[in-house]
Structures are given as C-alpha cells and as structure tokens.
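The values are calculated or read from the model by the stated rules, or taken from the named source; none is laboratory data. Keep in mind it's a predicted model, so treat the numbers as computed, not measured. Methodologically, a virtual Cβ is constructed for each residue, glycine included, from the backbone with ideal geometry; neighbour enumeration extends over all protein chains shown. Just the protein is used for accessible areas: all its heavy atoms, side chains included, with ligands, DNA and RNA removed. Shrake-Rupley method; radii C 1.70, N 1.55, O 1.52, S 1.80 Å.
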Amino acid sequence: MKRTLITSALPYANGPVHIGHLAGVYVPADIYARYLRLKGEEVMFIGGSDEHGVPITIKAREEGVTPQDIVDRYHKIIKDSFEELGISFDIYGRTTSKTHHKNAANFFRTLYDKGEFIEKTSEQLYDPEAGEFLADRYVVGTCPHCGKDGAYGDQCEACGSSLSPSELINPKSRLSGSTPVLKETSHWYLPLDKWEPKLREWILENHKEWRPNVYGQCKSWLDMGLQPRAVSRDLKWGIPVPVEGAEGKVLYVWFDAPIGYISNTIDATPEWEKWWKDPETRMIHFIGKDNIVFHCIVFPAMLLAHGGYNLPENVPANEFLNLEDDKISTSRNWAVWLHEYLRELPGKQDVLRYVLTANAPETKDNNFTWRDFQARNNNELVAILGNFINRATVLVHKYYGGMVPTPGNFLEADKAMIEEVRETIKSLSENLDNFKFREGLKDAMNVARIGNKYLADTEPWKLIKTDPERTATILNLALQLCANLAVIFEPFTPFTAAKLAEQLGIKELKWDLTGKFDIIPDGIEIAKPELLFEKIEDSVVDFQINKLEEIKKHNQLNAWKPSPVKETVEFPAFEKMDIRVGKVLECEKVPKADKLLKFKIDDGMGGRTIVSGIAKFYAPEDLLGKEVCFIANFAPRKLKGVESQGMILSAEDADGRLVVISPSGPVRPGASVG
C-alpha cells in the first residue's frame, strides 16, 4: 500500500475559520487521515495558514496595523481552533516562515532559470495619489450586471458575478478614493497553454473517477483553452521576486500558497522528498470548489514545469455550505465561527464534526441550521449511539459488577447480527476509500442501530432470571459491538471514541474490515458507565438563532440606502397638502385587523378619527398623549368598517419599522406644518 500525503487548503489568515471551511475541507480531510492511520497506513497530513495576498493587506489597512500583525493574530486563532476541534495535522505551518520564503523563491528561480516563464508588459490600474498599482480587491465600483455599488474588482458579492476591474462602473481606489488610471507594468507569466496537452491527458483520460464537479470544471477550463497566468504582482506584502529588475514585485499569492504545502512538509520532516517525489506516495488535495482550478490545473502545471514532483491522485473538492438558508459571508459576518462555537458550546466538538459530516456538501451545496444541529444531536447521537452504549455498559455493571462476561455458544440471532455489522463496516470502508464521508457516517450510525435492535430483540434484562449463560453471551457481544463503534467512529468523533475506548479498557484502536468481536478480553473490568452525549436544550439553539437574527438586522441596517427621490413636483402641489399637528386622546386596536390602530385625535377643531397601519410597531398605550403629524385634507375612507379622517405620517426605518413623525417640542393641536 502506498503512503499518503494529504493536504488541506490553506485558509487566509485575515480572519478566523467558520463552519463552511470546516465542512468543505478540514473535517473531511481529517476523517480521511484518521481512517488511514487506523488501518496502519503511513500518512502525512499537511495544513497551514496562507499569509500573503491582498485580503490581508486590506485587513491591516482597515485596522491601522501591519500585515504581520494580522497574520500573527489569526494564525494563532486558526491553529488553536483546529487543534481544539481535533483536526489532526502532522504540521500546521505558515507561509511567512523562513522555510517557505526560501523554498518559494527557489521554486520560482528554478522555473525562471529553465526558461519556463514569459515576460509580458500590460496596462493595469494604478492609483496616482497612493503611488501604487491596484490589486483587483483594491478597486471598487458599481457592478455592471446588477447595478449594486461596492462591487470589488474581482467579484460582486451582491449578485455573485465574477468581474475584472475594467468592467466596473465608476471605479475607485480603496487606498485613496481617487479614480485609478491605466499604467504599464511588466510581469512574469506561467504559460499554462504549454502544459495543456499533458494536463488534458492526465485529467480527462486518466482521472475520470474524480468527482463530477471537479472533473467537469477541469474539462470546462481545458476546453476553453488555457492562457498564460501571471506569477508576480506589484505589491509591498509578499515574497519578493528573486531576480534582478523585480524591485517592488512579489510572488502572486496563487503561485506562492500551494508551494506552502511543500514548505510545511520540509519543516515537518527531513525526509520530505519521499512525500513529494517518491512514486510510492499518493497525494490527495482536500479543497473547496473555489480552489479546483488552482489545485487541478495551475499547481500541477507548476509541478510539471519544475519537474521531479508527483501530481495529485485525487482532489475531492466539496461544494459550499449555507447557513440558515443564506450564503455564508465573512464580510456580512454571516457565519458560525469555530473559535466562538468552541467557547459557547464547550465539549461539543464531536457534535459539530458529526453534524457537518452528516450535512457535508459533497455533491451539491447544503445547508446548516441550528434546529437540525439540535435534532441530530438529540435524535441520533444521544438516542441511537449514546443510548446503545449506555444500555450495554449499564447492564454489564448491573449483572456482572462491570466484569466482561464470558460468552457461550452463538445462536443464529448472534451470527446474523455479527454478519450485518461486518457488512456495514465493509460498506463504511468502501465509502471512506471513495471519499463518500456522508454515506460512511450513515453506515457508522447504522452499526449503533443494529446494536439497539439486537438488545431489543434479545431482551437480556428478562433472560438474566432464567438463562444467565445466554445473557452473558448477549452482553459480551454488545460490548464487542461497542468496541467496534469506538473504532469506526474515531475518524468522525475522535473525542467520543477516545472516551469510549478508555471506558472499555481498549489501549489502541485498529481498523478491521471484518469487524472483530473479540476486541475486549473476557473477565476484565470496564469503567463505570458515563454518558457520552447529552441533550441540547432549546435555550442553547435559541441563543444561537437570536445571535444570527441580530447579525441579520445589523446587516440590513448597514446595507440600507434611502429610496430614490420621487419625480419633481412644483411647490403649489405641496401647498395643497394640509399637514397639521394633533394630540392622541385615545388609541385602540381595530378588531380583526392585526395591522390597524384606531386613533381619536385632538386636532384643535373638534377632533377626528384616524386609522393607521402601525399596530405591529406600537402598543396603543405607548401613543396616548403623543403629538403626531397628520394629513388633514384627505378624503375620508373606511378601513375595516371604521371611517378614517386623515393619515398619520410615519417614516420607514432601515429595518422596516414604521416610526411616527412627531414635532420635537410642544405644539398646539391644529398647528399647520409647512
């Protein structure tokens, strides 16, 4: 069996990681790494922070600190969060390390010396006030597709369209606010078209087993024809281009970042070359779908141009995970951040891992909701997995003082249960071998279901009175099934598996395709039962849902803009409107009308009744004695059987609330506004 090098996409160190990152990349990568280790295979699992690129410089500029300050802060947050979630990297490095700077520069220089680059001069946007060329994200303007302001030079987050800076309407520099101009600059390009025939053969002919989303996206790029891609940029933050005449230029982050996998492996082991160059090593890239082209076309082209490196055997990219039916967005803070989750739901690492795997967006975008999170914990982890393990261990302590009973002869029911477990574990192995982690998790939980059914069918709590030998067989097999659960759940819920293994006295977990039923020796004492999972109450998820609601309200307020000014009217038209001040004498809800309030207004002229649709925003008692502005010369009309003699003026706020317009100080009822 070949050794396996596993890489996971390098997260940008300009913010923490969220559940979208976890479901798309890091949880499936960790499941696979843990699974291979359980089988006794040689594995190297590489991770690290991507610490160059424009998003980091933008964050630093916004906060008034250096880019190094930003990456130092978020690298620690990300690294610590991964560790607490049980993501079992062999190394979690960073692209600001000395090793990476040296390695990336040497990689570029090798390609440069081999003549693998072409140099091109082109016009790019330049900020004359700041004196800098502008990366795509440093240019903002109006989206040409949806008309929304604030679109970036590479993408409109409002409609999702991919853009180039030249497409933006009224482009502005984020550095100075000035209008950018075009200016000539020279850069080095990797001619992807040179490697297109090799890539076409390697992917389209030799890797048809790749996931349809990966294979299809690669085919689309190849069919369109590959173009040279720049490997340098005019930026101040990054790895300097290591050739003469390249002052002020750094390696483009897409070129720099994947070399980080190699650099981190160098830091992990002096035998790094066996992981990257030995044909007996297979390489697997775990990424999100937005990184497919870089890992399947661009990085392989770099490796081919360099020579001597293995190409990836598979790139199991996931689709995107949504949150409460809305696209996860870091700019809108619409996310469940891992570091916050770990503080707010302590001890629930495995619950998050389980739910994200159960909802894994392997073939299409999927959705995370807090109610589903609660239901899967309570109805599956507690009621199925935890229930079986607790029943089995409690009965052993009740009837045998915690000593593992010696089994007698197996009946057909026992043999059928064992065979079903073995077939299910075989299916689980096949699913994990083929990167079908969601289906694999279903198999694992089905083993627990088999255990529950076995106990329900055999009823050892009844047999103990009449057939203690049969009871011993049943409970021994139940404990052996618990041991199998500790093994097969280790990739998915490692903390729970470790706790269960300790409870059962298992020193080392090993994967066995056949499902062994002699893992726990007869006669040993198991620890006292301990609940592996606990129910999650409504208050816990209500807190999280309310937190998201507050974020949504905040985003609505931030995104609010005044409605367009209506068509111009002449002053005489305004003069026709008789706007006055009145005092609320009485206020009550209109029967059978949720939105309507009935007012008795002192208008200085004997009083009048007005009906207004603001019941959702005010309680009647809150308006008593309040001075309000109203239009006095509207023709009366009936609303729900009540004649309304005017209209109370209100303003619609950014969050949709209607706010009654009132004078800022005391005014006599009937006073005119104008």
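Checking each residue of the stretch 663-670 against the condition of being open to solvent by 50 Å² or more (accessible area, probe 1.4 Å) and under 46 Å from the mean Cα position of the chain (by Cα) gives no match.
Condition check for Lys198 on (1) under 30 Å from Arg61 (Cα atoms); (2) charged (D, E, K, R); (3) more than 27 Å from the chain's Cα centre (by Cα): one failure, at (1). Listed by position, the strands (runs of 3 or more DSSP E) contained in the stretch 576-674 that have at least 1 residues being of a type in the set (Asp, Glu) and closer than 30 Å to Gln556 by Cα are 627-631, 650-652. Listed by first and then second residue, the pairs with beta-carbon distance under 7 Å, at least 6 apart or on different chains, first residue in the stretch 291-311 and without any contact (Cβ under 8 Å) to a residue 60 or more places away in the chain and over 20 Å from Lys274 (Cβ atoms), second among the aromatic types (Phe, Trp, Tyr) and not in a loop (DSSP other than H, G, I, E, B), are Phe294/Trp254. Residues in the stretch 362-415 that are polar (S, T, N, Q) and surrounded by 15 or more Cβ atoms within 10 Å (Cβ to Cβ): Asn366, Thr369, Gln374, Asn377, Asn378, Asn387, Asn390, Thr393. Has the stretch 495-514 got any residue that is touching a residue at least 40 places away in the same chain (Cβ under 8 Å) and farther than 23 Å from Asp350 by Cα? Scanning the stretch 495-514 turns up at least one residue that is touching a residue at least 40 places away in the same chain (Cβ under 8 Å) and farther than 23 Å from Asp350 by Cα. The number of residues in the stretch 593-619 being under 16 Å from Ser644 (Cβ atoms), of a type outside the set (A, V, I, L, M) and free of Cβ contacts under 8 Å to residues at least 60 places away in the same chain comes to 9. List every residue pair whose Cβ atoms sit under 6 Å apart, with the two residues 6 or more apart in sequence or on different chains, where the first one lies in the stretch 162-188 and is assigned to a loop (DSSP other than H, G, I, E, B) and the second, anywhere, is open to solvent by 70 Å² or more (accessible area, probe 1.4 Å) and not aliphatic (A, V, I, L, M). So the pair list comes out as Ser176/Glu129; Ser178/Glu129. Taking the condition on the phi < 0 side of the Ramachandran plot, modelled with pLDDT of 95 or more and outside any helix (DSSP H, G or I), does Pro258 pass? Here the answer is no, as Pro258 does not meet what is asked. Put simply, of Ile203, Ile169 the only residue that is open to solvent by 40 Å² or more (accessible area, probe 1.4 Å), farther than 22 Å from Trp334 by Cβ and of a type in the set (Val, Ile, Thr) is Ile169.
The set of residues in the stretch 68-89 being touching a Leu at 6+ places or on another chain (Cβ under 9 Å) and of a type in the set (S, T, N, Q) consists of Ser81 alone. Consider Asp267 carefully, then state whether it is among the acidic types (Asp, Glu), within 25 Å of Ile31 (Cβ to Cβ), open to solvent by 10 Å² or more (accessible area, probe 1.4 Å) and modelled with pLDDT of 95 or more. Yes.
The set of residues from the stretch 549-566 being open to solvent by 90 Å² or more (accessible area, probe 1.4 Å), without any contact (Cβ under 8 Å) to a residue 12 or more places away in the chain and in a helix (DSSP H, G or I) comprises Glu550, Asn558.
Quick check on the stretch 112-120. Is at least one of its residues of a type in the set (D, E, K, R) and closer than 20 Å to Glu167 by Cα? Checked against the condition, which is being of a type in the set (D, E, K, R) and closer than 20 Å to Glu167 by Cα, the stretch 112-120 yields no hits at all. Residues in the stretch 206-230 that are exposed (fewer than 15 other Cβ atoms within 10 Å of the Cβ) and under 24 Å from Glu362 (Cβ atoms): Asn206, Lys208, Glu209, Pro212, Gly216, Lys219, Ser220.
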